[in-house]
Amino acid sequence: MDYHPFKSMVNRFLAGHVGGVRRPVFFGIDEVCPALHGITRAYPEIRAEFEQLLERRMPMPMYHELDAGEGSISAVVDPGRKWTVFMLYILGYKPKMNRTLCPETCRVLDRIPDLVQAFFSILEPEKSVPRHEGPYLGYLRYHLALRVPRENPPRLIVNSREYVWKEGEAVMFDDSWAHEVNNHSSEMRAVLIVDVLRPMPFVPSLINKFVTRFIMRPFYGRAVARKAEQAADAANRPMPERPFQFH
């Protein structure tokens with residue numbers, strides 16, 4: 001998600017308004033974006049639409065196929081296992097075919113103010129995510145757990161603090177802290193990821209909105225949305241019929 005060369009400069013400015021190295025790790029949803037509770041309440045419908053995607057065996061691209069910048073965390077560790085995603089919203093872009101398959105999920109997402117991106121994130125059994133830092137301080141990340149293995153459940157570790165997902169429950173954290181997922185389970189782990197703009201004072205908030213709308217959106221969001229559309233088109237394209245051959 002390395003979308004612009006002056007990202008570090010913007011982060012340095014924002015850091016002074018969000019607590020710097022003393023900024024929180026985990027957040028209460030009420031203090032950030034109470035509307036996210038609507039997503040948590042819609043867990044049964046969201047889970048049902050996700051399960052329908054699995055039942056239809058919808059092909060889903062690996063994370064680094066949509067965003068090459070994620071290759072070091074998506075493709076390198078446990079390369080025989082996949083981390084796949086199903087994009088529903090990215091910086092104002094709405095992959096049409098994907099959203100058609102998840103109407104209730106998207107209806108709830110469309111009620112969230114300051115939405116940055118939203119997607120299903122699926123880890124195959126024994127697929128871990130190495131320690132890394134999110135690239136930008138301007139957003140906070142929400143997870144709604146959809147599928148969590150009961151035996152040996154995966155662990156999310158953010159700035160040395162551990163969290164274990166529970167189906168139907170949500171967590172919000174700052175993914176600009178170093179974080180990782182240790183997953184040694186024999187079942188799938190799936191969550192709905194929703195990123196929203198971080199609450200900040202007036203001036204840094206204006207700068208944050210400018211960066212996301214006029215830099216991230218055209219340089220990053222458009223490219224990811226296009227790849228998501230291409231992946232959906234390829235998944236739904238009928239296989240060409242092979243002509244009969246007479247011998």
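The range 137-231 holds strands (runs of 3 or more DSSP E) entirely within its bounds, and those carrying 2 or more residues that are open to solvent by less than 50 Å² (accessible area, probe 1.4 Å) map to 139-147, 155-158, 170-173, 178-182, 189-197. Each residue in the range 33-82 was checked for being part of a loop (DSSP other than H, G, I, E, B) and in contact with a Ser or Thr (Cβ under 9 Å, 6 or more places away or on another chain), and 9 pass.
Remark: pairs (first residue in the range 205-216, at negative phi; second residue of a type outside the set (A, V, I, L, M, F, W, C) and open to solvent by 30 Å² or more (accessible area, probe 1.4 Å); Cβ separation under 6 Å; 6+ apart in sequence or on different chains) = 215/4.
Restricting attention to the range 46-96, the residues that are in contact (Cβ under 8 Å) with a residue 60 or more places away in the chain, open to solvent by less than 50 Å² (accessible area, probe 1.4 Å) and of a type in the set (D, E, K, R) total 2.
Each row is one residue, and each column tells you yes or no for (1) out of contact with any strand residue (DSSP E or B) (no Cβ under 9 Å at 6 or more places or on another chain); (2) of a type in the set (Phe, Trp, Tyr).
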{"position": "81", "(1), (2)": "no, no"}
{"position": "90", "(1), (2)": "no, no"}
{"position": "105", "(1), (2)": "no, no"}
{"position": "108", "(1), (2)": "yes, no"}
{"position": "116", "(1), (2)": "no, no"}
{"position": "119", "(1), (2)": "no, yes"}
{"position": "124", "(1), (2)": "no, no"}
{"position": "127", "(1), (2)": "no, no"}
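When you check residue 14 against the structure, is it open to solvent by less than 40 Å² (accessible area, probe 1.4 Å), in contact with a Pro (Cβ under 8 Å, 6 or more places away or on another chain) and either at pLDDT 95 or above or not in a helix (DSSP H, G or I) (or both), yes or no? Yes.
The values are calculated or read from the model by the stated rules, or taken from the named source; none is laboratory data. Nothing here was measured: the structure is a model prediction, and the numbers come from that model. As a convention, Cβ positions derive from the backbone with ideal geometry for all residues, glycine included, and neighbour counts pool all protein chains shown. In case anyone asks, the SASA skips ligands and DNA or RNA and just uses the protein heavy atoms, side chains included. Shrake-Rupley method; radii C 1.70, N 1.55, O 1.52, S 1.80 Å.
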